[in-house]
Amino acid sequence: MQRQTRGMDQGSLLGLIAASLRLPVAAVGEASTMQNTRRWDSLRHVLLVTRIEAAYGISLTDSELATATSVVSIREILRDHGIAHPGPSTP
Amino acid sequence: MSSPDAALVNRFESLGRGCEFGFLQRRAGAEPMGLLRFASMPLQGLIRGLQTQFAGIGDANSLVLSQNDGEYWIEVPKFALRYHTELYEGEITPEELVQLERRKVKFLAASLIDSLKSNSKIFVYLQRQPVTDDEFDAFRAALAAYGPATLLWVAASDRTHPPDSVELLDEHLMVGYLGRLAPRQALYDVDYASWIAICRRAYDLWPAGKSARSRDDDSDGLVSEIVFGTRGNSSGYLGSGWAPAEAAHTWAVGDRSQLAFPLQDEAGDLLLKLIVGPFVSPPAVPVQRLAVLANDAEVANFTVTREAKLQCLIPATDLQGRDRVDLTFLHPDAATPARIVPGHADRRNLSIAFHRIVLQRVGAGAGA
């Protein structure tokens with residue numbers, strides 16, 4: 001996957017998550033978590049994290065990999081890595 | 001969604017054998033990641049893995065990819081570990097799959113080792129076939145090398161071990177007896193109520209959990225105790241505002257629920273303890289507020305975000321001349337999971353799940 005710029009636009013993260021989980025974008029929202037999202041299993045979780053790393057040009061630790069199990073926590077991790085606009089995509 | 005059963009089963013991690021406990025967690029609404037949650041590994045392989053801390057599990061050439069009816073399977077021969085990927089030919093290249101699986105198993109093995117060392121979970125092993133004393137001793141020795149790890153060994157109930165019972169054999173070993181094992185060809189068909197009852201009892205018995213929880217003197221000065229769930233005693237106490245009992249809890253539904261305790265004599269001040277879990281699903285439902293009224297007088301207000309033991313005082317002045325305590329719970333944040341959680345089917349208006357309520361006389365070891 002081509003690396004995207006830091007400060008990726010707000011909706012793209014949800015699109016990236018949906019694509020990694022092979023779900024329609026509408027199936028992923030701000031409240032999505034590993035617990036409530038179909039197909040978000042451990043393998044696709046690693047795939048998702050790998051794609052986030054490639055998209056944002058960052059590397060996640062095992063601890064971050066373990067906690068990046070919701071859209072909210074992924075946004076927090078991106079903020080910790082200095083990603084400028086990981087805010088919600090909803091109006 | 002956070003449910004009491006999900007919170008409970010998240011405190012356990014499967015060491016095998018098979019996927020039955022993983023399916024139990026799924027049915028309870030929990031989807032924790034775990035190296036052995038949906039994997040096949042004989043006890044000998046598990047012992048070898050524990051003894052070596054799964055050394056080399058994610059190394060190059062450590063994984064073997066195969067196919068069965070188009071689905072990719074992964075095998076780690078060193079530990080006789082084998083599992084589905086639920087990915088099929090054409091969905092992903094074999095090279096990318098192996099790369100991801102290498103990172104996954106390495107990460108999950110490290111997580112398992114961290115949990116073993118920290119004793120932060122109870123580790124479950126389901127006995128599906130005979131195990132020799134030597135194998136069992138080797139398994140326990142391998143676990144003991146991590147320090148305080150606690151094992152819940154689960155077996156089918158029999159004439160001398162009733163279903164749902166749990167025995168604490170020593171500080172690091174519990175044995176639970178299941179009503180029935182899931183059929184081998186349908187491991188998802190778990191005995192849910194029995195599993196939940198075992199997990200609840202094991203968690204209550206767990207020495208590490210006990211020491212982490214505040215000291216519990218529930219039996220001192222006991223006036224009354226309500227245990228919720230299908231196997232509890234709550235039905236005779238409940239008024240309006242409750243859903244039908246589930247395995248180990250009962251949901252308070254809507255914005256108000258009521259129950260009543262009988263009082264045998266002048267009780268003085270009473271301490272009310274509530275063991276509860278909220279329905280929360282951030283950001284839409286981040287908390288559940290709970291107000292407690294005793295005989296129509298408000299005695300407490302709580303904001304609940306996770307399973308909790310709450311307590312408050314009911315002054316004797318609110319009890320004078322009464323032969324019972326009428327408790328009213330106000331929970332204005334009740335919400336419907338089906339409207340909040342994508343794909344969720346539950347259309348009840350859920351607020352707080354109650355596990356247990358204890359009423360004690362103050363001054364009889366019932367301190368906060």
In the stretch A:37-54, the residues that are at the interface with chain B (Cβ under 9 Å from one of its Cβ atoms), farther than 12 Å from B:Leu100 by Cβ and crowded, with 20+ Cβ neighbours inside 10 Å: A:Thr37, A:Trp40
Go through the stretch A:65-84 and count every residue that is within 14 Å of chain B (Cβ to nearest Cβ) and over 12 Å from the mean Cα position of the chain (by Cα). 1
Would you call B:Phe123 assigned by TED's automatic domain parsing to the domain that holds B:Leu65, in a strand (DSSP E or B), within 20 Å of B:Met33 (Cβ to Cβ) and among the aromatic types (Phe, Trp, Tyr)? yes
Residue ranges of helices (runs of 4 or more DSSP H) in the stretch B:1-65 with at least 2 members within 14 Å of chain A (Cβ to nearest Cβ) and under 24 Å from B:Val304 (Cβ atoms): B:4-9, B:20-28
Can you list residue pairs whose Cβ atoms sit under 8 Å apart, with the first residue in the stretch B:89-100 being more than 11 Å from chain A (Cβ to nearest Cβ) and the second being assigned to a loop (DSSP other than H, G, I, E, B)? Count only pairs 6 or more apart in sequence or on different chains. B:Glu89/B:Gly70; B:Val98/B:Leu63
The stretch B:73-92: number of residues that are part of a loop (DSSP other than H, G, I, E, B) and under 19 Å from B:Leu36 (Cβ atoms): 1
Sort out which residues of the stretch B:247-302 are outside any loop (DSSP other than H, G, I, E, B), farther than 23 Å from B:Val362 by Cα and of a type in the set (Phe, Trp, Tyr), and write them in order of number. B:Trp251
So in the stretch B:109-132, with the set limited to residues that are in contact with a Lys or Arg (Cβ under 9 Å, 6 or more places away or on another chain) and within 13 Å of chain A (Cβ to nearest Cβ), which one is farthest from B:Leu65 (Cα to Cα)? B:Ser120
Picking from B:Pro130, B:Pro94, the residue that is surrounded by fewer than 16 Cβ atoms within 10 Å (Cβ to Cβ), in contact with a strand residue (DSSP E or B) (Cβ under 7 Å, 6 or more places away or on another chain) and assigned by TED's automatic domain parsing to the domain that holds B:Pro183 would be B:Pro94
Output the number of residues of the stretch B:327-341 satisfying the condition of being touching a residue at least 24 places away in the same chain (Cβ under 8 Å) and not in a strand (DSSP E or B). 7
Considering only residues of the stretch B:315-343 that are within 30 Å of B:Pro282 (Cβ to Cβ) and out of contact with any strand residue (DSSP E or B) (no Cβ under 8 Å at 6 or more places or on another chain), which is surrounded by the fewest Cβ atoms within 10 Å (Cβ to Cβ)? B:Gly343
In the stretch B:18-42, anything more than 16 Å from the chain's Cα centre (by Cα) and either surrounded by fewer than 21 Cβ atoms within 10 Å (Cβ to Cβ) or not assigned by TED's automatic domain parsing to the domain that holds B:Leu151 (or both) is listed as B:Gly18, B:Phe38, B:Ser40, B:Pro42
Inspect the stretch B:108-117 for any residue being without any contact (Cβ under 8 Å) to a residue 60 or more places away in the chain and surrounded by fewer than 17 Cβ atoms within 10 Å (Cβ to Cβ) and give the result as yes or no. yes
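The values are calculated or read from the model by the stated rules, or taken from the named source; none is laboratory data. A quick note: this is a predicted structure, and the numbers were derived from the prediction, not measured. With ideal geometry, Cβ positions are generated from the backbone for all residues, glycine too; neighbour counts draw on all protein chains shown.
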